[in-house]
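The values are calculated or read from the model by the stated rules, or taken from the named source; none is laboratory data. As the structure is a prediction and not an experimental result, all values here were calculated from the model. Counting neighbours? That spans all protein chains shown, and the Cβs are built from the backbone with ideal geometry, glycine included.
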Amino acid sequence: MTEVTERKVLDALATVIDRERCQDVVTLGMVRGLRIQDGHVMFALEVDADRGAKLEPLRKEAEDTVHRLEGVITARAVLTAERPAAAGGPAAPRQPTGAPQRQAPMHGELLPDVKAIVAVASGKGGVGKSTTAVNLALALARQGRRTGLLDADVYGPSMRRLLGIAGNPGSSDGVRLDAMEKFGIKAMSMAFLVEEETPIVWRGPMVQSALEQMMRDVAWGSLDILVVDMPPGTGDTQLTMAQRVPLAGAVIVSTPQDIALIDARKGLNMFRKVDVPVLGIIENMSYFVCPHCQGRTDIFGHGGAEAEAARLGVDFLGGIPLDVAIRETSDGGTPIVAADPEGEHAKAYLAIAARVWDKVEEVVAGRARTAPRIVVQ
Ligand code: ADP
């Protein structure tokens, strides 16, 4: 087979013209994170933050141009944007600031072979949301559900590390990317698609396009449940997922400290506002188990999260202890449910997974009973 080289790809991209700037995308320095593996080509096009929405045709043209090259099996391009740093001030945070684009819902179009999609969300970062999402997905798979895990955190994808996945996705049909597979689940993450060193700063419309690509252009196969690891907070990803995808519900991960604070509530209210059922709250780092004597300490008091969940009118799905084994296993690429499936921690995740699945079934059954909703925006 003809070898696909960086040179050939860049030569092809040098024929793709950014018409507003009257130059090709290579000369303009827009091509970033080019990755070529076994005929699969991936790259990012860096564009001015304000032009994101208009540049979908350019992205498509670049992708198609590379795809036409001999030896190329699949080509993927994503749009990214550098946010201009505030004048004189420190570099701006890696968050999109564009007004969220309200879109007509396209329920039913994306992921038609997935029975239920569940978002795992948190009000802020660092509460253990990704760790919870991956262990929850592994627990669901152990309970016999065909499970997928979508890393929707395009700002800071973590699934390569958490699942210890090396390499890039291939394509069996030459059209769509195969989801990666590990520990019995399927997974897709932006980390599998663009070079990790690429500084990616996303704006609203690009987040949407990247998420849609990871759903529409990936052969997930038929799944019982797709667990979606959301970025923290309430931004474009949350809106995109709530509006474009028929979410069965959202699970909020919170620590005992922040459950009583505003963060968890913000996340909760956002999903309520966009009509996504909140399936419940998982309390992470709920209590501490001493590695020496196995004694349990409720560092932040006991029952607070449960009471708070009741006050907020959502179910409490369970607590996960703060334990170095959970950190070491997930940071080491074999999350605790895979590393020690019979252990106490895995049991805690399995119990939560069973509750989540029951609730998902209720929602799916309820949906089947009711006529399709007409949403007036
Ligand atoms: P988030 O997705 O909310 O930003 P992560 O899942 O990346 O959070 O977790 C942040 C850090 O906390 C990671 O190093 C992770 O291993 C660790 N961590 C998460 N949950 C636990 C837990 N229950 N016990 C110990 N460490 C944890």
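Against the conditions (1) surrounded by fewer than 17 Cβ atoms within 10 Å (Cβ to Cβ); (2) in contact (Cβ under 8 Å) with a residue 40 or more places away in the chain, where does CYS22 fall short? Just the number, please.
Condition not satisfied by CYS22: (2).
Take ALA348 and decide whether it is assigned by TED's automatic domain parsing to the domain that holds LEU226, among the aliphatic types (A, V, I, L, M), in a helix (DSSP H, G or I) and modelled with pLDDT of 90 or more.
Taking the combined requirement at face value, the residue satisfies it.
Of ALA44, ALA87, which residue is at pLDDT below 70 and either of a type in the set (A, V, I, L, M, F, W, C) or over 25 Å from the mean Cα position of the chain (by Cα) (or both)?
ALA87
Spot the failing condition for GLY319; the list is (1) within 21 Å of SER254 (Cβ to Cβ); (2) more than 9 Å from the ligand (Cβ to nearest atom); (3) touching a residue at least 40 places away in the same chain (Cβ under 8 Å), and only one is missed.
So the condition that GLY319 fails would be (3).
Quick one: would you say SER158 is surrounded by fewer than 24 Cβ atoms within 10 Å (Cβ to Cβ) and away from the ligand (no atom under 13 Å from the Cβ)?
Considered against the rule, which asks whether it is surrounded by fewer than 24 Cβ atoms within 10 Å (Cβ to Cβ) and away from the ligand (no atom under 13 Å from the Cβ), SER158 comes out as no.
Tally time: how many residues in the stretch 121-178 are more than 17 Å from the chain's Cα centre (by Cα) and among the hydrophobic types (A, V, I, L, M, F, W, C)?
Number of matching residues: 5.
If only one of SER286, SER254 is within 16 Å of the ligand (Cβ to nearest atom), in the same structural domain as ASP151 (by TED's automatic domain parsing), modelled with pLDDT of 80 or more and in contact with an Asp or Glu (Cβ under 7 Å, 6 or more places away or on another chain), which one is it?
Exactly one of SER286, SER254 is within 16 Å of the ligand (Cβ to nearest atom), in the same structural domain as ASP151 (by TED's automatic domain parsing), modelled with pLDDT of 80 or more and in contact with an Asp or Glu (Cβ under 7 Å, 6 or more places away or on another chain), namely SER254.
Would a scan of the stretch 310-326 turn up a residue that is modelled with pLDDT under 80, under 30 Å from ARG367 (Cβ atoms) and buried (at least 18 other Cβ atoms within 10 Å of the Cβ)?
No; the residues of the stretch 310-326 include none that is modelled with pLDDT under 80, under 30 Å from ARG367 (Cβ atoms) and buried (at least 18 other Cβ atoms within 10 Å of the Cβ).
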